[in-house]
Amino acid sequence: MAIDTAQIVREVIAELQRLHGANETASPAASAAPAPAVPVKDQRELALSSRVVTMADVAARLGGIRRLIVPPGAIITPAVRDVLADRDITVSYGSATQPASGAATRLLVVAALTRFDPNSLAGALRGDAIDVEIQTSDCLIQTSDTLAERVRDAQTLALVLTPHTAAAMCLANRQAGVRAVSAANAGAAVHAARAVGANVLIVDPHGQGLFQLKQCVAAFCRSGPWPCPEVLRPRLA
């Protein structure tokens, strides 16, 4: 039987609000108070410390905001998600006291020519304080162009999820500054990334469980960005 995650979240929030409502009589002002915002340097970011983010927490705070930062594992209500989507505001999961703009590893995930849904993987990675952005692509050439543009930022890594790993890696590595490797497990990902200072990991998600896939990608991100070995810099950097 399929699990309706959104419905479960709604039921949890309803129960929290029911229990919270019992306290409103004693302390109505406290129950209505939004979660305090954490100070950030970038005025386009809003960082919250709340583990359950409701409309009360974001109301009147989203003007000019491009990124909402919440703690790892935080629950965002469906109503808030709808508002964020309407305003094209991205969500990052990381330390509320160390916003994603400086703390979390930035990872661009491109699902290319695959029916694999990257959202479950992205959710698992965000729990590890990895700042994930998801894109989809139906062209490996366009994907390689995107990689070249994004990994120019030395703090950004990229993951390509595709069954066409050989073609994707060949195209990516023809782009200046892109050092792409392919791996099927965490150990292989770390070994390959360290060998060439990889900034792109290419993985075939089919036939792998979510846990194995998450371990592989998290290992690639955990010690990154990977420095290009000095001896290879003349050709690869």
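Just a few scattered comments:
- Selection of region 54-70 for residues being crowded, with 17+ Cβ neighbours inside 10 Å and assigned to a loop (DSSP other than H, G, I, E, B) yields T54, I65.
- Tally, over region 202-237, of residues that are among the charged types (D, E, K, R) and either within 17 Å of the chain's Cα centre (by Cα) or buried (at least 20 other Cβ atoms within 10 Å of the Cβ) (or both): 2
- Each residue in region 159-184 was checked for being over 19 Å from R115 (Cα atoms), buried (at least 21 other Cβ atoms within 10 Å of the Cβ) and in contact (Cβ under 8 Å) with a residue 40 or more places away in the chain, and 1 pass.
- Residue satisfying all of: in region 33-51; modelled with pLDDT under 70 and among the charged types (D, E, K, R); surrounded by the fewest Cβ atoms within 10 Å (Cβ to Cβ) among these: K41
- Sub-7 Å Cβ pairs linking a first residue in region 216-229 that is modelled with pLDDT of 85 or more to a second residue that is of a type in the set (D, E, K, R), at least 6 apart or interchain, are A218/D128; W226/R194; C228/R179, ordered by first then second residue.
- Residues satisfying the stated conditions in region 122-155, i.e. buried (at least 19 other Cβ atoms within 10 Å of the Cβ) and touching a Leu at 6+ places or on another chain (Cβ under 6 Å): I130, V132, L140, S144, R150
- Candidates Q155, Q212, Q142 - the one that is assigned by TED's automatic domain parsing to the domain that holds P225, touching a residue at least 60 places away in the same chain (Cβ under 8 Å) and of a type in the set (S, T, N, Q): Q155
- Residues that are among the acidic types (D, E) and out of contact with any Ser or Thr (no Cβ under 9 Å at 6 or more places or on another chain) were ranked within region 112-139; the one that is modelled with the highest pLDDT is D138.
- In region 185-194, the residues that are under 20 Å from D153 (Cα atoms) and either of a type in the set (A, V, I, L, M) or crowded, with 16+ Cβ neighbours inside 10 Å (or both): A193
- One residue from R194, R179, R222 being over 18 Å from A124 (Cα atoms), basic (K, R) and out of contact with any Cys (no Cβ under 9 Å at 6 or more places or on another chain): R194
The values are calculated or read from the model by the stated rules, or taken from the named source; none is laboratory data. Keep in mind it's a predicted model, so treat the numbers as computed, not measured. Every residue, glycine as well, gets a Cβ built from its backbone with ideal geometry; the counts of neighbours run over all protein chains shown.
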